[in-house]
Amino acid sequence: MAVPISALLVSLTAGCAHGSPTAAPSTPGSAAAPSTPGEATARARGIDLTVTHAVAHLDRSGDGTLTMTVRNDDGVPEHLGMVATPDRGRGTLVGSKSAKGNGMLDTAGIPLLDGSTVTFDGDGPHVLLRHVHGVTAQHMLPVVLQFGVAGLVRARAQVTTA
């Protein structure tokens, strides 16, 4: 029996706001459904966030990383607080080696300053994936990204295998 998407999102995101004063519930319709593989946008009043080049690099056991580029034009600082995958999977956020600012890991997640683009890859901040399930026949991995201001953003990461 299929679980309704709203129930799945509630279970995936329960308790993930880290108590941040900037965390806001997702506004219905603020996160556009992913149309182009590897890309997603969240645009609503005061929200302008773009995710591009989302790729899940996985080995046969479903371990690997999620790489992507995130552009924040919200007008306020943003942060990525959580990454969810099918079957209650969670990505582990890893900050960049910078001492402060964009891409470092703090208590609210990975900061994304206003007007900035942050690339999540091996040298910068990145997302570790472990035992991922739910890769589609089209080699896509549905992911839900939780941002402090933009809320939930759904994307389909292209899957490459090692």
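May I ask you to derive the FRET efficiency for residue 116 and residue 88 from their Cβ-Cβ distance with R0 = 25 Å, giving the value to the nearest 0.05?
0.20
With all protein chains present and a 1.4 Å probe, how do 49, 93 order by accessible area, largest first?
Ranked list, largest accessible area first: 93, 49.
With all protein chains present, calculate the accessible area of residue 87 using a 1.4 Å probe and round the result to the nearest 10 Å².
110
Whenever you get a sec, compute what percent of the accessible area on the stretch 101-162 sits on carbon and sulfur atoms (1.4 Å probe).
55
Accessible area per residue for the stretch 51-162 in Å², computed with a 1.4 Å probe and the full protein assembly in place, what is it?
47
The values are calculated or read from the model by the stated rules, or taken from the named source; none is laboratory data. Since this is a predicted model, take the numbers as computed values, not measurements. Cβ atoms come from the backbone with ideal geometry, glycine included; neighbour counts cover every protein chain shown. Note: accessible area is taken over every heavy atom of the protein model, side chains too, but ligands, DNA and RNA are not part of it. Shrake-Rupley method; radii C 1.70, N 1.55, O 1.52, S 1.80 Å.
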